[in-house]
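S.K.: What follows is a single structure, and I will ask about it in a moment.
The values are calculated or read from the model by the stated rules, or taken from the named source; none is laboratory data. Since the structure is predicted, the reported quantities are computational estimates derived from the model, not experimental observations. Here Cβ is always computed from backbone atoms with ideal geometry, including for glycine, and neighbour counts include all displayed protein chains.
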Amino acid sequence: MKIFAIKSVPKTQWSSDKALNFKPKPITLLMLCIGLTLFGFGESLIITASAGMSPWTVLAEGLSITFGLGIGVLTFLISLGVLLLWIPLKQHPGIGTLLNVIIIASVIEWSLPYLPYPENYFLRIVQAIIGTLIVGFATGIYLIANLGPGPRDGLMTGCQRVTGKPIAWVRVCLEVIVISIGWSLGGTIGIATIIFAFGVGPSVSLGLYSISFYSKKKGAN
């Protein structure tokens, strides 16, 4: 399908010309913040579904078991390691890279007490699916702003540019690799882990395609 064959982040009328832009258009900054807010909300839904950790948390847990460090510390170190991978991939940070950390963490912290913690396992799976779809779609929204990606999303777009493969394919491969390493080191995998690994890539493509299509349609009117 055309939606899942997207090989780059589309540009719209409100996309920034460059990632390192300290005076973006108000609409550009607004779309960035909307995307990151939705991203945090989707993450919260996955957390409260209690059906498994995200792939990168599985990796952090596995490394924690191996090296005896805390999961929080290793999550931070993993993010630093991913940022170092940006150098050969020629990725550029921006205010979106910083706001990625601030807004997503704040939304998760604020929203967790108000979200449902379903006891029924089927409802947990449904909530994990919804959360994954929201995270992926929101990623597409904020990436189009072109104000700098978060560490893992920058790894995704960088690898896509190097390989020339569709973004959905690249993201799925990255998540599966991360899960495999984390699981081999003793990390715990749940159904939500698998849902996220195989669902977030296509959801990102859906977000990129939908926002780009709407923007072009609106611009033509």
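S.K.: Could you tell me whether any residue of region 67-77 is among the aromatic types (Phe, Trp, Tyr) and free of Cβ contacts under 8 Å to residues at least 12 places away in the same chain?
M.R.: Yes, region 67-77 contains a residue that is among the aromatic types (Phe, Trp, Tyr) and free of Cβ contacts under 8 Å to residues at least 12 places away in the same chain.
S.K.: If only one of ILE211, ILE134 is at pLDDT 95 or above, crowded, with 18+ Cβ neighbours inside 10 Å, assigned to a helix (DSSP H, G or I) and β-branched (Val, Ile, Thr), which one is it?
M.R.: So the residue among ILE211, ILE134 that is at pLDDT 95 or above, crowded, with 18+ Cβ neighbours inside 10 Å, assigned to a helix (DSSP H, G or I) and β-branched (Val, Ile, Thr) is ILE134.
S.K.: Has region 105-127 got any residue that is on the phi < 0 side of the Ramachandran plot, crowded, with 23+ Cβ neighbours inside 10 Å and not in a helix (DSSP H, G or I)?
M.R.: no
S.K.: Is it true that ILE87 is crowded, with 22+ Cβ neighbours inside 10 Å and either aliphatic (A, V, I, L, M) or not in a helix (DSSP H, G or I) (or both)?
M.R.: No.
S.K.: Here's a follow-up. Kindly list the number of the only condition in (1) in a helix (DSSP H, G or I); (2) within 12 Å of SER54 (Cβ to Cβ); (3) of a type in the set (Val, Ile, Thr) that fails for ILE181.
M.R.: Going through (1) in a helix (DSSP H, G or I); (2) within 12 Å of SER54 (Cβ to Cβ); (3) of a type in the set (Val, Ile, Thr) one by one, ILE181 breaks only (2).
S.K.: Further, regarding this structure: Just one of PHE4, PHE67, PHE41 is surrounded by fewer than 21 Cβ atoms within 10 Å (Cβ to Cβ), touching a helix residue (DSSP H, G or I) at 6+ places or on another chain (Cβ under 9 Å) and farther than 20 Å from THR139 by Cβ; which is it?
M.R.: Being surrounded by fewer than 21 Cβ atoms within 10 Å (Cβ to Cβ), touching a helix residue (DSSP H, G or I) at 6+ places or on another chain (Cβ under 9 Å) and farther than 20 Å from THR139 by Cβ holds for just one of PHE4, PHE67, PHE41, which is PHE67.
S.K.: Oh, and also: Taking ILE34, is it β-branched (Val, Ile, Thr) and modelled with pLDDT of 95 or more?
M.R.: Answer is yes for this residue.
S.K.: So is VAL58 touching a Phe, Trp or Tyr at 6+ places or on another chain (Cβ under 8 Å), surrounded by 17 or more Cβ atoms within 10 Å (Cβ to Cβ) and in a helix (DSSP H, G or I) or not?
M.R.: Taking the combined requirement at face value, the residue satisfies it.
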